[in-house]
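In what follows, a single structure is set out as structure tokens and then discussed.
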Amino acid sequence: MSRSAILKSSLAKKYWMSATGLFLCVFLLGHLAGNLQLFMEGAAGEYQFNQYAKFMTTNPAVKLLSYLTYASILFHAIDGLLLTIQNKKARPVNYAVFKASANSTWASRNMGVLGTVLLAFIVTHMTNFWAVMHWGEMPMQTVDPEGKLLEEPLKNLHMVVMNFFNPAENSLALLATVLYVLSMVAIGFHLSHGFHSAFQSLGLRTGKYGKLIMVAGKVFAIVVPALFAIIPLYLYFIQA
Amino acid sequence: MNLTLKVWRQNGANDKGRLESYQVKDISPDMSFLEMMDVLNDQIIVEGKDPVAFDHDCREGICGSCSMFINGEAHGPGRGITTCQLHMRTFNDGDTIYIEPWRAAAFPVIKDLVTDRSAFDRIIQAGGYVSVNTSGNTQDANALPIPKDDADKAFDAATCIGCGACVATCKNSSAMLFVSAKVSQLALLPQGDPERTTRALHMVEQMDKEGFGNCTNTGACEVECPKEISLENIARLNREYLRASVNPDK
Ligand code: HEM
Ligand code: SF4
Ligand code: FES
């Protein structure tokens, strides 16, 4: 493939879309595993979560992965935008009647809209937690669960998260919880098409594995966003 | 049956075009959609006006000419059929039917419902062939053993009639189903193997040049295709192109 074709050809754009999209699916699994630790209760849970947060911001291997993630999101969003614009241009005059619901799913036709919602969510989400953890003023955890003084105090991300979804601490906690859950619904729809579409773009959704990928995609698109969404709901209701 | 038709009228590529209303009466439910269009045109001609231009040829579902976007679907509401195979019994007395041309930048309107689909021809010319010597000493095809499964898949792909319904129905006006069928019918057979790499590269390059959109795997094409060409072919084209891109010299 000539160097320009790597970016320009319609199929190459889809390979990139697919590769970055699937990488982001793997990222979601990792992120989910981290978030689920918020279900651990008491001082032990807090300590565990803060140690995990520290590991995630300092470990060099994780650093590398995080840069790959930022790049993937950026590339995925730009490539997706290009695809959407080009595809609009490919039909300059619209049909008076277009019965798309007869032959395709709503999600498959609205990946650009869903993606834009996700981008807005990612930016807000990173402002709320990631930016605070990196540059903001953080409460510190100074003692471990047994009450021993820590040699090096830990940034208390656990407290930031708990407070964020606590109506007594954050007047927008209810709104934040609702928007978070809605964003997870958007991810669910994005993945209900995106997961199997990514395999199709690589030519892998075929033969006997084709059906398996369709089923796996449905399961992934429901289970992963649902688990993400339960966490803020849980944090809100135990504190409300 | 009495029907109201909203037909796209456009006098040449530079005209803006508009939907015009017509009434047709006493349409038999056993007529094909094209026969109903003939009745409409007779009526228009008697009034001394310009009949609706539309493409048609075989009227038996094999030539792919009869491009009409009917009530929001390519070739109308039926599955696995062309417009000439659509019967009026599909509709009800008193219905309003919208009839539009294929709409895509790559298929410009020539007049009314007739579009220029020569973009497909140029894609075929870019690589959708096998360069064999036909000077009289051609090998008998039956002398080449081909697995039944491959032969069946190649045959299924080869049933594509180049109608363009896949492009018309795709929200992106993508030609992937057509191109993938044309690549598959040759890639699956030993005769097509020597030119496999250049074929995939050149046909996709031409497809992009013609201004078709990018496939986003909505799957609408497979549903609306009169020959029910499978999305498996698009998966195969994605593999063929990836393989050819990684190793263009093979
Ligand atoms: C965690 C976040 C995200 C994940 C896991 C994800 C995953 C995916 C996957 C797997 C695909 C299918 C790729 C293919 O069809 O080959 C896809 C498609 C798409 N994504 Fe995302 N995505 C995410 C965020 C975004 C964002 C932020 C945007 C844009 C602003 C976006 C825009 C799109 C668009 C437009 C498509 C359709 C492209 C196509 O079907 O050709 N996505 N996404
Ligand atoms: S793939 Fe189907 S819809 Fe597309 S041109 Fe061929 S026969 Fe027509
Ligand atoms: S007129 Fe030939 S397929 Fe309809």
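The values are calculated or read from the model by the stated rules, or taken from the named source; none is laboratory data. Since this is a predicted model, take the numbers as computed values, not measurements. No Cβ is skipped: glycine too gets one built from the backbone with ideal geometry, and neighbour counts run over all protein chains shown. Quick note on the areas: whole protein, heavy atoms, side chains included, nothing else; ligands and nucleic acids left out. Shrake-Rupley method; radii C 1.70, N 1.55, O 1.52, S 1.80 Å.
So for chain B: antiparallel DSSP bridges make up what percent, rounded to the nearest 5? Don't jump to the answer; show the numbers that get you there.
Numbers: 15 of 19 bridges.
Antiparallel bridges make up about 80 percent of those DSSP assigns within chain B.
Calculate how steeply helix B:176-187 sits against the longest principal axis of the alpha-carbon atoms of chain B, using the helix alpha-carbon long axis, and give the answer as 0 to 90 degrees to the nearest 10.
Tilt relative to chain B: about 40 degrees.
Would you list the P(r) distribution for the stretch B:3-111, with all Cα-Cα distances sorted into 10 Å bins from 0 and each bin expressed as a whole %?
Binned Cα distances yield the sequence 14, 49, 33, 4.
Quick one: among B:LYS49, B:LYS227, B:LYS153, which has the greatest mean-square fluctuation in a GNM of chain B with alpha-carbon springs under 10 angstrom?
The residue with the greatest mean-square fluctuation here is B:LYS49.
On full extension of the chain, what length is gained from A:ASN163 through A:PHE27, given 0.36 nm per residue of separation minus the C-alpha to C-alpha distance? Don't skip to the answer; put the middle values down first.
Values: separation 136, 0.36 × 136 = 48.96 nm, distance 2.54 nm.
Contour length minus Cα-Cα distance gives 46.4 nm.
Rounded, prolate or oblate: which fits the protein assembly as shown, taking a ≥ b ≥ c as square roots of the Cα gyration tensor eigenvalues, rounded meaning a/c under 1.5, else prolate when a/b beats b/c? Could the numbers behind the result be given before it?
Working: a/c = 2.93, a/b = 1.80, b/c = 1.63.
It comes out prolate by the Cα gyration axes.
I want to check the label-to-label distance for B:LYS25 and A:ALA96. Put each point 7 Å from Cα in the C-beta direction and report it in nm to one decimal.
2.3
Around A:GLN141, under 14 Å between beta carbons, what's the net of Lys plus Arg minus Asp minus Glu among the other residues?
Values: positive: A:LYS54, A:LYS148, A:LYS155; negative: A:GLU46, A:ASP144, A:GLU146, A:GLU151, A:GLU152.
Value of the local net charge: -2.
Under a Cβ-Cβ cut-off of 14 Å, what is the net charge of the residues other than B:ASP149 that fall near it, where Lys and Arg count +1 and Asp and Glu count -1? Could you put the intermediate results ahead of the total?
Details: positive: A:LYS208, B:LYS148, B:LYS153, B:ARG236; negative: B:ASP150, B:ASP152, B:ASP156, B:GLU232.
Net of charged neighbours comes to 0.
Leaving out ligands, DNA and RNA, and with a 1.4 Å probe, what % of the accessible surface on the stretch B:95-145 is carbon or sulfur?
Values: 1280 of 2580 Å².
Carbon and sulfur: 50 percent of the exposed surface of the stretch B:95-145.
Top mean-square fluctuation among B:ASN137, B:ASN172, B:ASN41, Gaussian network model of chain B, C-alpha springs under 10 Å?
Of B:ASN137, B:ASN172, B:ASN41, the Gaussian network model singles out B:ASN137 as fluctuating most.
Sorting B:SER184, A:SER171 by accessible area (1.4 Å probe), largest first, what list results?
Details: B:SER184 0, A:SER171 110 Å².
Sorted descending by solvent-accessible area, the residues read A:SER171, B:SER184.
Nearest 10 degrees, 0 to 90: what angle lies between the long axis of helix B:33-46 and the longest principal axis of chain B (Cα atoms)?
50
From the protein chains alone at 1.4 Å, what is the descending order of accessible area for B:GLU222, A:GLU41, B:GLU210, B:GLU60, largest first? Display every interim value, and only then the final one.
Numbers: B:GLU222 65, A:GLU41 135, B:GLU210 35, B:GLU60 115 Å².
These residues rank, largest area first, as A:GLU41, B:GLU60, B:GLU222, B:GLU210.
Between B:ILE27, B:ILE45, B:ILE229, where does the largest GNM mean-square fluctuation fall for chain B, given springs only between Cα atoms within less than 10 Å?
Evaluated over chain B, the most mobile residue of the options is B:ILE45.
Whole-Å semi-axes of chain B's equivalent ellipsoid, largest first, each the root of 5 times a Cα gyration tensor eigenvalue?
Working: eigenvalues 284, 72, 52 Å².
The equivalent ellipsoid of chain B has semi-axes of 38, 19, 16 Å.
For the protein assembly as shown, what proportion of DSSP beta bridges, expressed in % and rounded to the nearest 5, is antiparallel? Please list the in-between numbers first.
Numbers: 18 of 22 bridges.
For the protein assembly as shown, the DSSP antiparallel bridge percentage is about 80.
Sort B:THR82, B:THR138, B:THR216 from largest to smallest accessible area, using a 1.4 Å probe on the heavy atoms of the protein chains. List each step's numbers first, then the result.
Working: B:THR82 0, B:THR138 80, B:THR216 25 Å².
The ordering from most to least exposed comes out as B:THR138, B:THR216, B:THR82.
Please work out the FRET efficiency for the pair A:GLN239 and A:TRP135, using the Cβ-Cβ distance as r and a Förster radius of 30 Å; give the result to the nearest 0.05.
Details: r = 26 Å, r/R0 = 0.87.
Once the sixth-power term is evaluated, E becomes 0.70.
Does a label point 7 Å from the Cα of A:ALA43, set along Cα-to-beta-carbon, have any residues of the stretch A:155-173 with amide nitrogen under 16 Å, and which are they?
Answer for the stretch A:155-173: A:159.
Heavy-atom accessible area of A:MET17 with all protein chains present, probe 1.4 Å, nearest 10 Å²?
My reading of the accessible area for A:MET17 is about 30 Å².
Run the 1.4 Å probe and let me know the accessible area of B:HIS56, rounded to the nearest 10 Å².
About 80 Å², ignoring ligands and nucleic acids.
In square angstrom and rounded to 100, what buried accessible area do you get between chains B and A, total over both, with the probe at 1.4 Å? Walk me through the numbers before you get to the answer.
Numbers: alone 12400 and 14960 Å², together 24040 Å².
The summed interface area works out to 3300 Å².
Using only protein heavy atoms and a 1.4 Å probe, report how much of B:CYS221 is accessible, in Å² to the nearest 10.
Counting only protein heavy atoms, B:CYS221 exposes about 20 Å² to solvent.
Per residue, how many Å² of accessible area does the stretch A:10-239 show with a 1.4 Å probe? Walk me through the numbers before you get to the answer.
Values: 12400 Å² over 230 residues.
Using a 1.4 Å probe on heavy atoms only, each residue of the stretch A:10-239 averages 54 Å².
With everything on Cα atoms, drop me the angle between helix B:232-246 and the longest principal axis of chain B, reported from 0 to 90° to the nearest 10.
Helix B:232-246 and the main axis of chain B meet at about 40 degrees.
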